[in-house]
Amino acid sequence: DLRTREIFEIPVFEVDALGLQIRSENTADGSSLKVRLALNNGAWSFEAPLAAKADPALVDSTINTLTAAKVRRFIETEQTDPFVQGLVTPSMQVTIYGNKRRQTLIVGNLDPSSQGAPEYFAKLEDNPAIFTVLARPFDALREAQEALRERNFMNFDPSMLTAINISENDRMIRLQKLETGKNDWQVLESKDRNEIQPYRADPAIMERLIKDLYSLRAKGFTADAPSTSDIESYGFNNPRRIVTLSFSEGDPLTLMLAY
């Protein structure tokens, strides 16, 4: 009763990296997926299994949940069996890094005697004590590679936007910001290289379009390293539409849509 229920001693404000090793249940060789996130220059990013931006709010929430995790029940010494409890070949290992130190939690099998919410057997690395933890926070980590990814891929400053080009086959619509000091835009359409007289753009529609582009978020990630054949099968060798944003400073941003 007097034993501490805290698992991780590293406080949340010190955490600068998170490592996961998750055993695949669908492979005969029991191979593991290794995921690592690190805090660099105030921003969270994936370092493994791929280099990609991470969603800072979701990563912070995950780390808060892990550091707040508590022991549910200590297993009596005579009842411990690391092989049966799945701690010799664990389903997951969670490592928290901070202030030049680290702690690793080894997560094993489900506890068949748990009442109510499911619990896993677990232990800290280099510590023989076996205990149980709530399963839900650790089950969520199995999808960390995708769940913690940054989905806002249209990162730009709307105030710096000067033009939007929308092309489809031989047709192009150009939306151009006027140098009036106001948020005035004009529309130019071209087909077969023949330009049509420019028209004033509807301010409300332009505002909604820019807002929609700025708030675009990925629904899922189909392929992180697509091959040439993948690119063709997805239709990017002949995209349905190409949207290019130009800015008063910096390089243009191009979005390709295919289906």
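Observations, loosely collected:
- For region 130-145, a residue qualifies if it is open to solvent by 30 Å² or more (accessible area, probe 1.4 Å) and either in a loop (DSSP other than H, G, I, E, B) or touching a residue at least 60 places away in the same chain (Cβ under 8 Å) (or both), and the qualifying residues are 134, 137, 140, 142, 145.
- Only strands (runs of 3 or more DSSP E) whose full extent lies in region 1-105 are considered here, and the ones with at least 1 residues that are closer than 19 Å to residue 119 by Cα and in contact with a Leu (Cβ under 9 Å, 6 or more places away or on another chain) are 15-23, 92-98.
- First in region 211-236 and free of Cβ contacts under 8 Å to residues at least 12 places away in the same chain, second anywhere and open to solvent by less than 80 Å² (accessible area, probe 1.4 Å) and of a type outside the set (A, V, I, L, M), Cβ under 7 Å, 6 or more apart: 223/230
- Region 242-259, residues that are at negative phi, loosely packed, with under 14 Cβ neighbours inside 10 Å and touching a residue at least 40 places away in the same chain (Cβ under 8 Å): 248, 249
- The condition of being without any contact (Cβ under 8 Å) to a residue 24 or more places away in the chain, closer than 18 Å to residue 239 by Cα and among the β-branched types (Val, Ile, Thr) holds for only one of 173, 196, that being 173.
- Pairs meeting the criteria (first residue in region 152-163 and farther than 9 Å from residue 247 by Cβ and open to solvent by 20 Å² or more (accessible area, probe 1.4 Å), second residue not in a helix (DSSP H, G or I) and not aliphatic (A, V, I, L, M), beta carbons under 7 Å, at least 6 apart or on different chains) are 152/217.
- Test result for residue 50, farther than 24 Å from residue 110 by Cα, at pLDDT 95 or above and out of contact with any Phe, Trp or Tyr (no Cβ under 9 Å at 6 or more places or on another chain): no
- All told, residue 230 meets the bar of being exposed (fewer than 15 other Cβ atoms within 10 Å of the Cβ) and either touching a strand residue (DSSP E or B) at 6+ places or on another chain (Cβ under 6 Å) or not in a loop (DSSP other than H, G, I, E, B) (or both).
- Where a residue in region 46-73 is within 14 Å of residue 16 (Cβ to Cβ) and its partner, wherever it lies, is among the hydroxyl-bearing types (Ser, Thr, Tyr), with Cβ under 8 Å and at least six apart: 54/45
- Where residue 211 falls short, out of the listed (1) touching a Pro at 6+ places or on another chain (Cβ under 9 Å); (2) over 30 Å from residue 51 (Cα atoms); (3) of a type in the set (Lys, Arg): (2)
- Applying the set (1) within 29 Å of residue 132 (Cβ to Cβ); (2) at pLDDT below 95; (3) surrounded by 15 or more Cβ atoms within 10 Å (Cβ to Cβ) to residue 79 leaves exactly one unmet item: (3).
- Flag for residue 47 being farther than 20 Å from residue 1 by Cβ and more than 26 Å from the chain's Cα centre (by Cα): no
- For region 211-259, the set of residues classified as among the aromatic types (Phe, Trp, Tyr) and within 15 Å of residue 158 (Cβ to Cβ) consists of 214, 247, listed by residue number.
- Condition broken by residue 174, with the remaining ones in (1) assigned to a strand (DSSP E or B); (2) open to solvent by 60 Å² or more (accessible area, probe 1.4 Å); (3) within 23 Å of residue 61 (Cα to Cα) satisfied: (3)
The values are calculated or read from the model by the stated rules, or taken from the named source; none is laboratory data. In this text the structure is predicted, and so the values were computed from the model without any measurement. Cβ: placed from backbone, ideal geometry, glycine included. Neighbour counts: every protein chain shown. The area values use the complete protein model at the heavy-atom level, side chains included, leaving out ligands, DNA and RNA. Shrake-Rupley method; radii C 1.70, N 1.55, O 1.52, S 1.80 Å.
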